[in-house]
Every structure is written in C-alpha cells, then in structure tokens.
Amino acid sequence: DAGHGGNNPGATARFGGKQYYEDEMNFALTCRVQDLLESLGATVILTRETDVDMSLYDRTVKTRRAKPDLMISLHRNSSVSTSGYGFESYYYQPYSMPFCRAVNDPAASLFRQNRGIHYITPMYVTRISECPAILIECGYMSNADDMSSMIQNSFDQALAEKVVQGVVDYFRSIQ
C-alpha cells in the first residue's frame with residue numbers, strides 16, 4: 001500500500017529548491033518493492049496503481065478481497081519540529097509484531113535512528129485481521145538529513161531492498 005494519494009498528498013517538504021510530496025515518494029518506493037518482490041516470484045497487489053484518492057476503508061476492503069499473505073503500508077513521516085528523524089514501524093494485531101520487527105530492523109539500518117516498532121491502535125490499515133499488516137514510516141520529510149537521503153534514487157533502491165529482505169526473513173522465520 002503506497003500511503004496517501006490523489007487529493008491527499010500526505011506530508012510535503014521543500015528541499016533543494018524542489019517541492020516533494022509524500023504520496024509520490026511512497027508510490028515510487030512501493031513500485032521498487034513490488035519489482036524486487038516480483039523478481040523473487042511473489043505476487044504483489046497494490047492498493048493503488050496511480051495517483052488516485054483511496055479511502056482507508058477502500059484500502060482495507062481491497063486488501064481483504066485479495067487475501068494476501070502480508071500487508072505493508074509504506075509512508076514517510078513528518079513533524080512540526082525539524083529534529084525528528086529515523087525509521088519506525090507500526091502494527092496492531094499481535095501476530096503482526098514478528099513481521100513488523102523483520103522489516104523494521106534491516107530497513108532502519110539505513111537511517112541515523114531506529115525509532116523501533118510500536119503497537120498502535122489508530123492506524124486503520126494495520127487493523128485488518130486476515131494477515132499480518134504493518135505500516136512503516138521511512139524517514140522524516142521535515143528533517144533535512146533524512147530528506148537528503150530519501151530523495152536519492154540509490155537510497156530509495158537500498159531501502160526497497162531492505163524492506164524486501166525483511167519480507168524474505170519473515171517468511172523464512174515461519175517455515
């Protein structure tokens with residue numbers, strides 16, 4: 001799930017004279033993850049394939065209908081303060097915690113701070129019960145150091161590789 005989209009761009013940041021939108025950054029990362037997973041033989045179903053509005057309810061309905069083995073919602077974080085930085089992950093269902101940790105640990109290694117995994121209730125997309133579901137926040141758009149990394153194609157590719165490593169590690173751990 002590429003977080004946000006359409007009329008809901010999520011966080012925005014002006015950096016290096018250019019305007020960046022979270023939904024576009026999320027979609028680019030999601031496509032990289034999709035390509036890598038498909039190269040390993042996985043079937044990947046995106047909740048959105050273009051820059052369209054999609055409610056949280058519609059995202060969960062599409063996920064439930066697909067009957068996936070896993071669900072990841074990819075996001076970028078932001079704060080009113082420029083001091084927040086790093087990578088963090090969220091889950092709701094207790095059986096999603098091992099998957100959350102499997103993705104968090106390798107992906108967070110690319111950031112200056114691993115903000116950890118968190119059990120949290122208000123994240124709508126993590127509340128599905130049909131499969132392990134997580135939401136990851138891949139750096140802070142409000143932090144110049146995180147943004148300088150996140151706008152680099154090589155960093156985004158490395159991040160996608162770490163997310164996929166986490167997916168693979170999770171499946172190995174449950175076999």
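The values are calculated or read from the model by the stated rules, or taken from the named source; none is laboratory data. Bear in mind that the values here come from a model prediction, so they are computed numbers and not experimental data. Note that each Cβ is placed from the backbone with ideal geometry, even for glycine, and that neighbours are counted across all protein chains shown. Each accessible area value is taken on the protein alone, full model and side chains, heavy atoms only, with ligands, DNA and RNA left out. Shrake-Rupley method; radii C 1.70, N 1.55, O 1.52, S 1.80 Å.
Here are some notes:
- Test result for D51, at pLDDT below 95 and either open to solvent by 80 Å² or more (accessible area, probe 1.4 Å) or assigned to a helix (DSSP H, G or I) (or both): yes
- Identity of the residue in the stretch 103-119, of a type in the set (G, A, S) and crowded, with 18+ Cβ neighbours inside 10 Å, that ends up farthest from the chain's Cα centre (by Cα): A108
- Search result, residues across the stretch 1-34 that are outside any strand (DSSP E or B) and without any contact (Cβ under 8 Å) to a residue 40 or more places away in the chain: P9, G17, D23, E24, F27, C31, Q34
- Of all residues in the stretch 6-41, exactly one satisfies the criterion of being open to solvent by 30 Å² or more (accessible area, probe 1.4 Å), farther than 20 Å from A107 by Cβ, small (G, A, S) and in contact with a helix residue (DSSP H, G or I) (Cβ under 9 Å, 6 or more places away or on another chain), namely G16.
- Subset of the stretch 123-133 that is closer than 24 Å to T12 by Cβ and not hydroxyl-bearing (S, T, Y) - its residue that is least open to solvent (accessible area, probe 1.4 Å): V125
- Qualifying residues in the stretch 69-91 (those that are closer than 17 Å to Q34 by Cα and not hydroxyl-bearing (S, T, Y)) - the one surrounded by the fewest Cβ atoms within 10 Å (Cβ to Cβ): D69
- Failed condition for K62, given (1) open to solvent by 50 Å² or more (accessible area, probe 1.4 Å); (2) closer than 18 Å to E24 by Cα; (3) more than 16 Å from the chain's Cα centre (by Cα): (2)
One line per residue, one yes/no per condition, for (1) in contact with a His (Cβ under 7 Å, 6 or more places away or on another chain); (2) under 25 Å from L40 (Cβ atoms); (3) among the polar types (S, T, N, Q):
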{"position": "S81", "(1), (2), (3)": "no, no, yes"}
{"position": "N104", "(1), (2), (3)": "no, yes, yes"}
{"position": "L135", "(1), (2), (3)": "yes, yes, no"}
{"position": "Q165", "(1), (2), (3)": "no, yes, yes"}
{"position": "Y170", "(1), (2), (3)": "no, yes, no"}
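- So R14, is it closer than 19 Å to N143 by Cβ, modelled with pLDDT of 95 or more and among the basic types (K, R): yes
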